[in-house]
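Take a look at the structure below.
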Number of protein chains: 2
Amino acid sequence: MKAHVWVMLKSTVLDPQGQTIQRALGSLGHTKIKDVRQGKFFVLALDGMSRDEAHSEVERIAKDVLTNPVIEEFRFDIVE
Amino acid sequence: MKAHVWVMLKSTVLDPQGQTIQRALGSLGHTKIKDVRQGKFFVLALDGMSRDEAHSEVERIAKDVLTNPVIEEFRFDIVE
């Protein structure tokens, strides 16, 4: 079983990395790109778990390990 | 309109960052997590484009700017 986890800066937090990419795209002629936000994406491979167990385990991992709750938020999905 | 772009290391390329997270999870008791791969996730906001234009523009951006084709691969989705 696999889990996908997305970790993004909260929308109220400035994303300088995304802004740099957006400006770089503009200078390359991609002027219709108005905003870029960059986040992290994790693929976790899980073994020997029911879907429900995977759900609560991955939620705990995303919350406690992968996300800085002061500035980031997460969402996740159990796949396969 | 928004686009989502995922950039991951190719599966043939070692992911030391993911391995470090996997070991850290193991030492925290999450021993059923057998593998972790970390990638990048981008949200692009596009303006004044048809869905088809957005598709080809985002594909070009993902390919030429966001991905290092030697070690990475991408996929993308036009949303909204």
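The values are calculated or read from the model by the stated rules, or taken from the named source; none is laboratory data. Source: prediction; values computed, not measured. So basically every Cβ, Gly included, is an ideal-geometry build from the backbone, and we count neighbours across all protein chains shown. To get the accessible areas, we keep the full protein, side chains included, count just its heavy atoms, and leave off ligands, DNA and RNA. Shrake-Rupley method; radii C 1.70, N 1.55, O 1.52, S 1.80 Å.
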task = Go through (1) acidic (Asp, Glu); (2) part of a strand (DSSP E or B); (3) free of Cβ contacts under 8 Å to residues at least 40 places away in the same chain and name the single condition residue B:53 misses.
result = (2)
message = Among the numbered criteria (1) outside any loop (DSSP other than H, G, I, E, B); (2) closer than 17 Å to residue B:22 by Cα, which one does residue A:48 miss?
response = (1)
query = Somewhere in segment A:24-33, is a residue open to solvent by 70 Å² or more (accessible area, probe 1.4 Å) and in contact (Cβ under 8 Å) with a residue 12 or more places away in the chain?
reply = no
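Residues are listed down the side, and each one gets a yes or a no for (1) within 10 Å of chain A (Cβ to nearest Cβ); (2) closer than 25 Å to residue A:1 by Cβ:
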residue	(1), (2)
B:25	yes, yes
B:33	yes, yes
B:37	yes, yes
B:42	yes, no
B:46	yes, no
B:54	yes, no
B:62	no, no
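Out of B:60, B:37, report the one residue that is surrounded by fewer than 18 Cβ atoms within 10 Å (Cβ to Cβ) and at pLDDT 95 or above.
Just a single option satisfies the conditions, and that option is B:60.
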remark   = Of B:78, B:21, B:61, the only residue that is in contact with a helix residue (DSSP H, G or I) (Cβ under 8 Å, 6 or more places away or on another chain), part of a helix (DSSP H, G or I) and in contact (Cβ under 8 Å) with a residue 24 or more places away in the chain is B:61
remark   = Of the residues in segment B:1-23, those that are at the interface with chain A (Cβ under 10 Å from one of its Cβ atoms), aliphatic (A, V, I, L, M) and within 17 Å of residue B:70 (Cβ to Cβ) come to B:7, B:8
